[in-house]
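The values are calculated or read from the model by the stated rules, or taken from the named source; none is laboratory data. What you are looking at is a predicted structure, and each value in this text was computed from that prediction instead of being measured. In this analysis, Cβ positions are derived from the backbone assuming ideal geometry, glycine residues included, and neighbour counts consider all displayed protein chains. Keep in mind that these areas ignore ligands, DNA and RNA; they rest on the heavy atoms of the full protein, side chains included. Shrake-Rupley method; radii C 1.70, N 1.55, O 1.52, S 1.80 Å.
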Amino acid sequence: MEKRAGARTRPTAVTIAVALWWVAIAVHLVVAVVGVTEVGRDAGGAVVGLVAGLVVISAWSALFVWLAARMARGSGTARLWLAIVGGLTACGTLLTITTDGPDWGLVDGMCIVAATVLSYLPSTRPFFPRGERRARAAEPRTIGWDPTTGERIVEQPAPDAPTR
């Protein structure tokens, strides 16, 4: 396998952020599985609902493991989606703290908020490359609007003007 000439090294903050995401996912998965099994036991062993709940929880957790792994490789898109989830989690964590008070169930929320902040530190920005901007076609300059039709009137290029 060949190494790329411009190989980037992952900042420590990104590594810690990815580890925090994985810890948060593991804690959330354990808490959710325990909660689903308790609900299944209290509901009289509704096996279909129990299995469906475990499948949904597992798929949701796998999505975040995949996004965290992509962020570890430098994906700005994964970082953005994890930041959106981190922002929503911050709001939910704040709401939980104000209504129920702090408890151990907030560990995953605090890990997610910390991971989101770490992934957007200034030292991590060079690790996530910006996408190349595509050139846009030059719009003709609007010089007015036709009063009868409402269509715009654009400036016509001079006949001897060079084309791009």
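Quote the FRET efficiency, to the nearest 0.05, computed for M110 versus R73 with a Förster distance R0 of 35 Å and r equal to the Cβ-Cβ distance.
Using R0 = 35 Å, I get an efficiency of 0.90.
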Fill in: Label-to-label distance, nm, for residues given as V30 and E132 (7 Å Cα→Cβ offset)
4.7 nm
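Of all accessible surface on the chain at a 1.4 Å probe, what whole percent is carbon and sulfur?
Numbers: 7880 of 12180 Å².
Ligands and nucleic acids excluded, carbon and sulfur reach 65 percent.
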Worksheet item: Given +1 on the Cβ of Lys and Arg, -1 on the Cβ of Asp and Glu, and no further charges, what dipole in debye does the chain carry about its Cα centre, rounded to the nearest 20?
Response: 920 debye
Item to complete: Kindly state, to the nearest 0.05, the FRET efficiency for L88 paired with A52, given R0 = 25 Å and r defined as their beta-carbon distance.
Response: 0.60
Worksheet item: Full extension from V65 to A19: what is 0.36 nm times the residue separation minus their Cα-Cα distance, to one decimal in nm?
Response: 15.5 nm
Worksheet item: If you add up the charges near V27, with Lys and Arg at +1 and Asp and Glu at -1, over every other residue whose beta carbon is less than 15 angstrom from its beta carbon, what do you get?
Response: -2
Item to complete: Express in whole angstrom the spacing between the alpha-carbon centres of region 6-55 and region 102-164.
Response: 34 Å
Practice prompt. Please list 67-74, 116-123 highest first by mean number of surrounding beta-carbon atoms within 10 Å per residue.
Written response: 67-74, 116-123
Practice prompt. Beta carbons within 10 angstrom, averaged per residue: use that to sort the peptides 16-29, 87-100, highest first.
Written response: 16-29, 87-100
Item to complete: Determine the sum of side-chain charges near T77: Lys and Arg each +1, Asp and Glu each -1, restricted to other residues whose C-beta is under 13 angstrom from that of T77.
Response: +4
Item to complete: With an 8 Å cut-off on Cα pairs and a minimum separation of 6 or more residues, tell me the relative contact order of the chain in percent.
Response: 29 percent
Worksheet item: Along the charge dipole of the chain, which of A59, V117, L29 sits closest to the positive end, that is, farthest toward it, with unit charges on the beta carbon of Lys, Arg, Asp and Glu (+1, +1, -1, -1)?
Response: V117
Worksheet item: Which is farthest toward the positive dipole end of the chain among W145, A43, A13, measuring Cα position about the Cα centre, with Cβ charges +1 (Lys, Arg) and -1 (Asp, Glu)?
Response: A13
Discussion item. What three numbers, in Å, describe the spread of the alpha carbons of the chain along their principal axes, ordered from the longest?
Written reply: 82, 53, 35
Item to complete: Using 0.36 nm per residue of separation minus the Cα-Cα distance, give me the extension gain between D146 and I97 in nm, one decimal.
Response: 11.7 nm
Response to the item:
Probe 1.4 Å, heavy atoms of protein chains only: per residue, the accessible area of the chain in Å² is 74 Å²
